[in-house]
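The values are calculated or read from the model by the stated rules, or taken from the named source; none is laboratory data. None of the values given here were measured: they were computed from a predicted structure. Don't worry about glycine lacking a Cβ; one is built from the backbone with ideal geometry, like all the others, and counts go over all protein chains shown.
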Amino acid sequence: MKPPVPFGQYVPGNSGIHRLEARAKMGVAAAFTAMLFAVEGFAGLGVSAVITVAAVVLSGVPPRLVLRGVRVVSFILFFTLLAHALRWDSATVALVRVGPLSVDADGLLTGMFFATRIVLLVVGTSLVALTTSPVRLTEGLERLMRPLERVGLPAGDIAMMLTVALRFIPTTAEEAEKVVVAQMARGARFDRGGPISRAKAYVPVLVPLFVGLFRRADELATAMESRCYRGGTGRTRLTERRMGASDWTVLAASVALMVMLGVTL
Amino acid sequence: MIVFDHVSYVYPGADENAVALDGVTFSVRPGEHVAVLGANGSGKSTLARLANGLLTPSAGRVTVDGIDTGDLARAWDVRSSVGMVFQDPDNQIVATTVEEDVAFGPENLGVPAPELRTRVDEALAAVGLAGLEAREPHQLSGGQRQRLAIAGALALLPAYLVLDEPTSMLDPQGRLDVLEAVSRQIDAGRGVLHVTHHLADASVADRVIVLTAGRIAFSGHPRGILGDEAALTSLGLSLPPIGRFAAELRSLGVPVPLEAMDAESVVAAL
Amino acid sequence: MRLALRDIGYTYAQGTSFAVRALSGVGLEVDRGELVLVLGATGSGKSTLLRIAAGLLSPAEGTVMLNGSPVSRPPEIIGRVGLVFQSPQTQLFAETVEEDVAFGPRNLGRGHDAALEAAREALERVGLDWRTFGPRSPFALSGGEAHRVAIAGVLAMRPEIVLFDEPTTGLDVSGRRAVRVIVEELRERAGVAIVTHDVEEFLGVADRVIVLSEGVLAYSGGAGALIDEPARFQAAGLRVPEVLRAQVMAREAGVPMTCFSLDPHAAAALVAGARERKGKRERKR
């Protein structure tokens with residue numbers, strides 16, 4: 001049997017955080033974000049950091065994978081730090097001075113505050129994607145969007161689109177690999193020349209891949225129509241995860257705690 | 001009953017002389033197995049798409065249990081009573097798990113959740129995929145995926161199944177598994193319209209229709225055409241090796257039935 | 001030219017928890033003028049073996065030899081060994097048929113004129129007139145034509161060994177016939193290996209057969225010995241060809257068959273003859 005294709009950030013597991021309903025997780029993440037922006041001093045940041053580390057430990061997701069998200073924003077972190085710490089022609093007591101540029105303790109502290117906030121924000125929110133399968137995530141999003149159907153947002157159609165996209169990711173990956181190997185068998189090389197000629201080398205892969213995808217899309221639409229698909233409205237669902245008592249409890253407790261911390265710290 | 005009454009079809013934008021189907025008349029009763037044979041471009045797939053209203057005739061009429069497929073108000077009645085299965089299983093599976101894919105059709109009809117569960121379980125059992133509910137479709141073999149597509153059609157509780165070359169991309173074992181699942185549905189009383197280019201698939205049908213250039217060149221019991229190699233060749237079809245073996249035995253004086261197209265039925269005549 | 005694979009072993013995703021052993025100790029030899037059939041059920045390692053033979057995958061174990069000398073860098077043999085994939089028409093991309101077919105020879109560094117010349121010759125070989133089809137778009141062809149254009153795209157590299165992966169899947173009668181003609185023509189000047197689970201199509205015309213079963217060699221030898229012992233098919237998870245199955249069943253039903261044939265006409269003569277002998281003997285008694 002083929003293994004499931006590892007996709008996105010999801011790290012399968014069975015922790016309490018994994019089992020929590022997607023909507024509850026998204027709610028907690030939203031409250032967490034609000035708290036991060038509400039706290040004003042290092043005390044608040046410290047408490048937030050403790051909560052974040054506790055959540056990561058609870059989730060059982062390897063810290064290496066959690067920090068992968070931080071690496072992506074490392075550039076932003078660096079500039080945040082720099083922008084706050086650097087002073088031009090400053091008269092204050094500097095830690096380091098190079099010509100007219102200086103770094104002082106005050107600026108450095110402010111920079112660290114904002115950088116840490118970004119790190120916590122990234123870790124906290126990416127934990128949702130790390131512990132929720134894409135299918136559950138889509139489902140959760142759909143349920144959150146459903147009230148917006150009344151104002152004309154096609155939540156069902158958007159959810160269907162996301163589901164179909166998820167369903168075709170492994171198929172498309174397989175197909176892309178096939179075309180790459182087939183063109184290699186005709187002598188195509190993807191590792192020669194500069195970036196432009198490398199990009200050009202992919203034309204013989206991209207054209208068949210897109211032609212194939214359009215054909216698939218067409219056939220899929222026919223098949224969906226044959227199975228009575230007429231838009232997302234009025235559809236029922238085989239499995240609809242409900243917000244259980246434990247989901248509500250976790251959500252309510254977390255939100256209450258975070259609001260309190262956000263207000264007091 | 002699915003009734004094709006003098007049906008012609010010209011694809012929009014195509015030359016008026018390029019008729020995909022030309023004056024085709026036939027019917028499929030509940031419990032009846034009708035096979036449609038023909039070379040590529042003979043109009044087989046067009047015929048399949050006309051049977052559930054995906055296409056509507058340029059001339060003539062298609063009715064399903066009395067409902068005109070051109071009656072837009074009842075399009076969904078037609079589609080839920082005619083289940084379609086296409087050639088490439090990959091392009092008809094929409095969901096990320098086996099059970100959710102089977103549920104897709106009845107979900108569209110707004111069937112409530114407890115009944116959805118029953119329909120899914122029954123459809124999966126009918127095609128021999130019970131136990132694989134939570135699998136991802138791409139983890140299944142080709143034959144399993146095509147049976148999943150059949151289960152998806154069955155979950156609509158259709159009176160008829162229309163199959164458009166469902167075995168042509170499968171390995172021999174996958175093909176047999178699919179044929180077995182189909183034959184169980186015929187036994188259960190569903191009418192089956194099976195478009196194929198495998199003569200062996202057609203040999204077990206109650207009736208065979210051969211299409212060439214959009215017209216019916218033959219319609220009748222398989223024995224009326226499968227023993228006639230010259231006629232088959234002129235229609236762009238060819239006997240599988242077992243068919244030629246049977247024909248040769250007949251010419252050597254062994255009374256092999258004309259529709260014999262598998263080892264069992266040939267050897268029975270010895 | 002002679003392509004020889006010795007003791008080939010390969011594992012996908014080696015060193016991870018998803019590791020899948022695809023091949024162990026498999027050999028394959030294809031010589032000029034030969035047609036070698038590689039049979040095996042889905043998942044038996046056929047496709048992996050093909051990719052290694054075509055220089056697209058480096059074997060983890062074993063050696064690939066060309067004319068007796070080991071190939072150190074597998075990509076060297078791309079072009080000299082051509083590989084036609086399953087449903088190759090899905091790999092067409094260029095604006096014209098001619099350019100698409102010339103893609104291979106051009107990649108191999110042949111000049112513009114030489115590549116075009118090779119493309120035209122290859123189109124003729126697959127039975128398509130280059131004047132008519134050369135300037136057309138590869139996306140405006142019938143299924144059968146597109147399939148042949150894609151085969152021409154491999155032949156244009158003038159490979160000395162040509163490998164086919166499931167060449168008849170999804171084809172109708174005329175498409176299958178076209179593939180047969182191309183293969184028959186090719187084997188006169190090159191070596192051909194065909195990987196398939198469609199036993200009936202090529203077994204009758206193959207010089208040698210190897211059967212793979214779960215990544216190991218289940219049989220290697222002539223087609224005749226395989227036909228005389230149909231149980232070998234079953235052992236490898238393959239369907240016994242229907243004509244052969246009928247003969248086995250006839251023997252089990254008491255018809256005194258002494259040997260089998262895959263050719264329908266010869267097989268019918270064998271069965272009818274054996275039946276007659278049996279009839280005579282019974283009448284004597």
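Filtering region C:263-280 to residues that are under 15 Å from B:V266 (Cβ atoms) and at pLDDT below 90 leaves only C:R275. Checked against (1) within 12 Å of chain A (Cβ to nearest Cβ); (2) touching a helix residue (DSSP H, G or I) at 6+ places or on another chain (Cβ under 6 Å); (3) closer than 30 Å to A:R241 by Cα; (4) not aromatic (F, W, Y), B:V127 passes all but a single condition, namely (1).
Do we have B:L211 as closer than 25 Å to C:S174 by Cβ, of a type outside the set (G, A, S), within 9 Å of chain C (Cβ to nearest Cβ) and buried (at least 21 other Cβ atoms within 10 Å of the Cβ) here? Spelling it out, it is not the case that B:L211 is closer than 25 Å to C:S174 by Cβ, of a type outside the set (G, A, S), within 9 Å of chain C (Cβ to nearest Cβ) and buried (at least 21 other Cβ atoms within 10 Å of the Cβ). Only residues that are within 12 Å of another protein chain (Cβ to nearest Cβ), touching a strand residue (DSSP E or B) at 6+ places or on another chain (Cβ under 9 Å) and either of a type in the set (G, A, S) or part of a strand (DSSP E or B) (or both) were counted across region B:130-159, and they come to 4. Taking each residue of region C:140-152 that is within 11 Å of chain B (Cβ to nearest Cβ) and looking for partners that are among the hydroxyl-bearing types (S, T, Y) with beta-carbon atoms closer than 7 Å, six or more apart or interchain, yields C:G144/C:S174. Can you confirm whether A:R186 is away from chain C (no Cβ under 14 Å) and within 30 Å of C:I78 (Cα to Cα)? Taking the combined requirement at face value, the residue does not satisfy it.
Is at least one residue of region C:200-220 among the hydrophobic types (A, V, I, L, M, F, W, C) and within 11 Å of chain B (Cβ to nearest Cβ)? Yes, the conditions are met somewhere in region C:200-220. Under the condition of being among the aromatic types (F, W, Y), in a helix (DSSP H, G or I) and within 17 Å of the chain's Cα centre (by Cα), the residues counted in region B:77-110 number 0.
The single residue among B:V94, B:V111, B:V64 that is more than 9 Å from chain A (Cβ to nearest Cβ) and β-branched (V, I, T) turns out to be B:V64. Scan region A:153-162 residue by residue and report those that are in contact (Cβ under 8 Å) with a residue 60 or more places away in the chain and within 12 Å of chain B (Cβ to nearest Cβ). Within region A:153-162, A:G156, A:A159, A:M160 meet the criteria. Set side by side, the residues A:R87, A:R23 differ, and just one is more than 18 Å from the chain's Cα centre (by Cα) and among the basic types (K, R), which is A:R87.
Just one of the listed residues (C:L128, C:L123) is in a loop (DSSP other than H, G, I, E, B) and within 23 Å of C:E185 (Cα to Cα), namely C:L128.
Can you tell me which residues in region C:40-96 are hydroxyl-bearing (S, T, Y) and over 15 Å from C:G153 (Cβ atoms)? Correct list: C:T42, C:S44, C:S47, C:T48, C:S58, C:T63, C:S69, C:S72.
Yes or no, residue by residue, for (1) closer than 27 Å to A:G27 by Cβ; (2) more than 9 Å from chain B (Cβ to nearest Cβ); (3) touching a residue at least 40 places away in the same chain (Cβ under 8 Å):
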residue: A:V203; (1), (2), (3): no, yes, no
residue: A:V207; (1), (2), (3): no, yes, no
residue: A:L213; (1), (2), (3): no, yes, yes
residue: A:D218; (1), (2), (3): no, no, no
residue: A:E225; (1), (2), (3): no, no, no
residue: A:G244; (1), (2), (3): yes, yes, yes
residue: A:L251; (1), (2), (3): yes, yes, yes
residue: A:S254; (1), (2), (3): yes, yes, yes
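The C-beta contact set for region B:253-264 (first residue at the interface with chain C (Cβ under 7 Å from one of its Cβ atoms), second residue part of a loop (DSSP other than H, G, I, E, B) and at pLDDT below 90, distance under 7 angstrom, 6+ apart or interchain) comprises B:V254/B:A269; B:V254/B:L270. For region C:132-158, a residue qualifies if it is outside any loop (DSSP other than H, G, I, E, B) and of a type in the set (D, E, K, R), and the qualifying residues are C:E145, C:R148.
Residues checked against (1) of a type in the set (D, E); (2) more than 10 Å from chain A (Cβ to nearest Cβ); (3) touching a residue at least 12 places away in the same chain (Cβ under 8 Å):
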| residue | (1), (2), (3) |
| --- | --- |
| C:T48 | no, yes, yes |
| C:I52 | no, yes, yes |
| C:L57 | no, no, yes |
| C:E61 | yes, yes, yes |
| C:L66 | no, yes, yes |
| C:R80 | no, yes, yes |
| C:V84 | no, no, yes |
| C:Q89 | no, no, yes |
| C:V101 | no, no, yes |
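Counting only helices (runs of 4 or more DSSP H) wholly contained in region A:165-265, the ones carrying 1 or more residues that are modelled with pLDDT of 90 or more and crowded, with 18+ Cβ neighbours inside 10 Å occupy A:203-226, A:245-264. On the stretch given as region C:249-264, residues that are over 24 Å from the mean Cα position of the chain (by Cα) and either at the interface with chain B (Cβ under 8 Å from one of its Cβ atoms) or among the charged types (D, E, K, R) (or both) total 6.
Might you let me know whether region A:122-138 holds any residue that is among the polar types (S, T, N, Q), modelled with pLDDT of 85 or more, over 30 Å from A:L162 (Cβ atoms) and within 24 Å of the chain's Cα centre (by Cα)? No, region A:122-138 has no match at all.
Conditions (1) within 14 Å of chain C (Cβ to nearest Cβ); (2) farther than 30 Å from C:S44 by Cβ; (3) touching a residue at least 24 places away in the same chain (Cβ under 8 Å); (4) in contact with a Ser or Thr (Cβ under 6 Å, 6 or more places away or on another chain), marked per residue:
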site: B:L163; (1), (2), (3), (4): no, no, yes, no
site: B:T167; (1), (2), (3), (4): yes, no, yes, no
site: B:R175; (1), (2), (3), (4): yes, no, yes, yes
site: B:D187; (1), (2), (3), (4): no, yes, no, no
site: B:G191; (1), (2), (3), (4): no, yes, yes, no
site: B:V195; (1), (2), (3), (4): yes, yes, yes, no
site: B:A205; (1), (2), (3), (4): no, yes, yes, no
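With respect to (1) outside any loop (DSSP other than H, G, I, E, B); (2) surrounded by fewer than 23 Cβ atoms within 10 Å (Cβ to Cβ); (3) away from chain C (no Cβ under 14 Å), the lone exception for B:L54 is condition (1). Please determine, by comparing only the residues of region A:119-142 that are under 14 Å from A:V66 (Cβ atoms) and of a type in the set (G, A, S), which one is surrounded by the fewest Cβ atoms within 10 Å (Cβ to Cβ). Taking the candidates together, the pick is A:A129. Go through the residues of region B:228-246 one by one and say whether even a single one is more than 26 Å from B:A20 (Cα to Cα), touching an Asp or Glu at 6+ places or on another chain (Cβ under 6 Å), modelled with pLDDT of 90 or more and facing another protein chain (nearest Cβ under 9 Å). Yes: region B:228-246 contains one or more residues that are more than 26 Å from B:A20 (Cα to Cα), touching an Asp or Glu at 6+ places or on another chain (Cβ under 6 Å), modelled with pLDDT of 90 or more and facing another protein chain (nearest Cβ under 9 Å).
Of the residues in region B:2-51, how many are in a loop (DSSP other than H, G, I, E, B) and either within 26 Å of C:S142 (Cβ to Cβ) or hydrophobic (A, V, I, L, M, F, W, C) (or both)? Qualifying residue count, region B:2-51: 17.
Annotation: B:R250 fulfils all but one of (1) among the charged types (D, E, K, R); (2) more than 7 Å from every other protein chain (Cβ to nearest Cβ); (3) in contact (Cβ under 8 Å) with a residue 24 or more places away in the chain; the unmet one is (3).
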